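The structure under discussion appears below in the form of structure tokens.
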Amino acid sequence: MKHFLISIISIFIITNAYSQQVDVNTLKKDPIMIEYKKVFNELKEASISRKYKLPNDPNLQKEIAANPSKEGMIKVLKEKGMINADEYVNKIFLQNSLMFQFLKKHPEITKLNQNKKMEVFGKLLED
């Protein structure tokens, strides 16, 4: 009986560890991830080049949180003086939409623990 119980626990641990394995190379080839990575890199490059310069206002996050819709965010950012607010917000919403689609298509990622998720996404987004 003791050996049976140990065997069952061992099988459970091995199965659980195996189920948390994700093939990053396959996920990198997913068209949704390719598009997500493209938008991610565009936003990163535009941030570095100061194309999208968020206004330096301590109340900005509160005002956006008060009206988190796409139109509300654009309005707040334009009022605060952001030049390319439309383009920036559209890319942010596209990026979020792509991530939701990707996670819906690959639910095995949502089953991973937080550290493993961060590791997988780090590998997916590296060039």
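When ILE34, ILE74 are compared by accessible area at a 1.4 angstrom probe, the order from most to least is ILE34, ILE74. The order of the peptides 84-91, 43-50 by mean Cβ neighbours within 10 Å, most packed first, is 84-91, 43-50. Across the range 26-127, Cα-Cα distances exceeding 22 Å account for 41% of all pairs. Using Cα positions and a limit of under 18 Å, work out the aspartates and glutamates in reach of LYS29, with same-chain residues fewer than 8 apart set aside. Hits, sequence-local ones excluded: GLU108, GLU119, GLU126, ASP127.
Over the range 76-115, accessible surface divided per residue gives 63 Å², non-protein components excluded, 1.4 Å probe. About its Cα centre, the dipole of the range 35-127 is roughly 160 debye, where the only charges are +1 on Lys and Arg Cβ and -1 on Asp and Glu Cβ.
The values are calculated or read from the model by the stated rules, or taken from the named source; none is laboratory data. Here the structure is a predicted model, which means the values were calculated and not measured. When we count neighbours, we look across all protein chains shown, and the Cβ atoms used for this are built from the backbone with ideal geometry, even at glycine. Protein only, heavy atoms only, side chains kept; ligands, DNA and RNA dropped before computing areas. Shrake-Rupley method; radii C 1.70, N 1.55, O 1.52, S 1.80 Å.
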